[in-house]
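Heads up: the structure comes next, in structure tokens.
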Amino acid sequence: MANKFYIRMLCLVLLILMPAMAAAGQRVFIVYSYHPDYFWQQDEEQGIKKALSGMEITFGSYFLDSKKHQAQEWLDQQVKICLEKIKLFQPDVIITCDDNATKTIGRTFFKQKMPVVFLGLNDEPEAYGLVEPGRCQHPGENITGVLERHYYRDAAVLLQTILLANSLKVKKLDIITDDSCTSTILLKFLRDESCKTPWELVFLPQAKSFSQYKEQIMGVNQSGHAAFIYNLETLKDDAGHYIPDMDVVVWTSKHLAMPAVAFHGCYLEKGAALCGVVVSGRTQGYYAGLKVKQILGGVSAGEIPMDRPPKGTVVLNVSVAQRLGIKIPLEILLGADIIYDAEK
């Protein structure tokens, strides 16, 4: 009787301890598409680790640094190095941040045992061969993740509503962005019929240099159009060196004289635009982290939908509004998630 009692007690203790034992020593490897000091990558990391806080996880990581090195030869070499590091690290789950990491590293592990969770994916998962067409809600294999879908139409409607409330009938929206692969995917979505906005969109050439970008901003001022500012990460000076994106943002805040919409919170915070509906890297990372948590808890990646966060963040900059002589309607102010004001 005593032996049976001790056996039952041992089984009970093991059942209680099994989840903690399973969690201990779990390993997650994060592959970033870009460079360590890029704000988007930093926000993604914060979101991932917030979602997984309280769990005993060892993290490994590698940065492909493909934002400022866009040659295919560079990416191919970085992928080889990264795969070797993954092999040595032996993770339980791989996280791929943004398109370049997902279409290379993520795709390498498709239909293998290794679970992969992507985030910040601008293109369709089907385009990278990560899922069968029409199966995003039930992927069925070893890959799932978080789609990055900016709220272009919502942001355009928000800007138009503010301008109409001020009797400003601006009809054209100039699209301004850099020449990164992410921006190229954006333009494809904007040209799609399903992304119609209340504006007439004017697609300016993707800016390669800071001087070209400056000319485009001055052109917006002269035309009287509104502006749509997306990515500013790959602009170069006349010597071919990359300009820090925040330097470009600060310049924009001082020289853009027309209302603009932006999609990065830091651009709005620094005064480069009046308003936006923002998808943050932190939110992307957090939702991806929740999916990783499910997988580490025993759920198959193929059972977890590929989807996007349910809503964007409405951001306003009242200092920009004051500078432009624009009054933001009270109902919009009350409905905003974040309001930046340089006076406070």
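Laid out as a table, the results:
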item: Val299 vs. criteria under 30 Å from Pro115 (Cβ atoms), assigned to a loop (DSSP other than H, G, I, E, B), not aromatic (Phe, Trp, Tyr) and not assigned by TED's automatic domain parsing to the domain that holds Lys214; result: yes
item: Condition met for Val202 (over 18 Å from the mean Cα position of the chain (by Cα) and in a strand (DSSP E or B)); result: yes
item: Of all residues making up region 233-261, the number that are modelled with pLDDT under 95 and under 20 Å from Lys327 (Cβ atoms); result: 0
item: Residue match in region 47-54 (condition: surrounded by 15 or more Cβ atoms within 10 Å (Cβ to Cβ), out of contact with any strand residue (DSSP E or B) (no Cβ under 8 Å at 6 or more places or on another chain) and either closer than 30 Å to Ser209 by Cβ or not aliphatic (A, V, I, L, M) (or both)); result: yes
item: Pairs with Cβ under 9 Å, 6+ apart, first in region 46-64 and assigned by TED's automatic domain parsing to the domain that holds Val28 and in a strand (DSSP E or B), second surrounded by fewer than 21 Cβ atoms within 10 Å (Cβ to Cβ) and among the β-branched types (Val, Ile, Thr); result: Gly60/Ile86; Tyr62/Ile81; Tyr62/Ile86
item: Exclusive hit being surrounded by 20 or more Cβ atoms within 10 Å (Cβ to Cβ), touching a residue at least 60 places away in the same chain (Cβ under 8 Å) and of a type in the set (D, E, K, R), set Lys291, Lys327; result: Lys291
item: Qualifying positions in region 156-215 - basic (Lys, Arg) and more than 27 Å from Gln322 (Cβ to Cβ); result: Lys188, Arg191, Lys196, Lys208
item: Hits in region 205-238 - residues which are in a helix (DSSP H, G or I) and under 20 Å from Pro259 (Cβ atoms); result: Tyr213, Lys214, Glu215, Gln216, Ile217, Met218, Gly219, Val220, Asn221, Gln222, Ser223
item: Any hit, region 150-164, residues being under 23 Å from Thr234 (Cα atoms), hydrophobic (A, V, I, L, M, F, W, C) and in contact with a strand residue (DSSP E or B) (Cβ under 6 Å, 6 or more places away or on another chain); result: no
item: Candidate set: region 256-293, residues that are in a helix (DSSP H, G or I) and within 16 Å of Thr177 (Cα to Cα); chosen: the one farthest from the chain's Cα centre (by Cα); result: Leu268
item: Count of residues meeting criterion [hydroxyl-bearing (Ser, Thr, Tyr) and surrounded by 15 or more Cβ atoms within 10 Å (Cβ to Cβ)] in region 185-230; result: 4
item: Extreme residue, surrounded by the most Cβ atoms within 10 Å (Cβ to Cβ), among residues of region 147-169 that are part of a loop (DSSP other than H, G, I, E, B) and at pLDDT below 90; result: His150
item: Residue ID - surrounded by the most Cβ atoms within 10 Å (Cβ to Cβ), chosen from residues in region 309-324 that are under 15 Å from Ala272 (Cβ atoms) and of a type in the set (A, V, I, L, M); result: Val315
item: Candidates Ile86, Ile57, Ile48, Ile94, filtered to the one that is touching a Gly at 6+ places or on another chain (Cβ under 6 Å) and farther than 20 Å from Cys181 by Cα; result: Ile48
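Here is a yes/no grid of residues against (1) of a type outside the set (S, T, N, Q); (2) surrounded by 24 or more Cβ atoms within 10 Å (Cβ to Cβ); (3) touching a residue at least 12 places away in the same chain (Cβ under 8 Å); (4) not in a helix (DSSP H, G or I):
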residue: Ile81; (1), (2), (3), (4): yes, no, yes, no
residue: Glu84; (1), (2), (3), (4): yes, no, no, no
residue: Asp99; (1), (2), (3), (4): yes, no, yes, no
residue: Thr102; (1), (2), (3), (4): no, yes, yes, no
residue: Phe118; (1), (2), (3), (4): yes, yes, yes, yes
residue: Glu132; (1), (2), (3), (4): yes, no, no, yes
residue: Gly145; (1), (2), (3), (4): yes, yes, yes, yes
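The values are calculated or read from the model by the stated rules, or taken from the named source; none is laboratory data. Everything numeric here is computed off the predicted structure, so don't read it as measured data. FYI the Cβ positions are ideal-geometry reconstructions off the backbone, even for glycines, and counts take in every protein chain you see.
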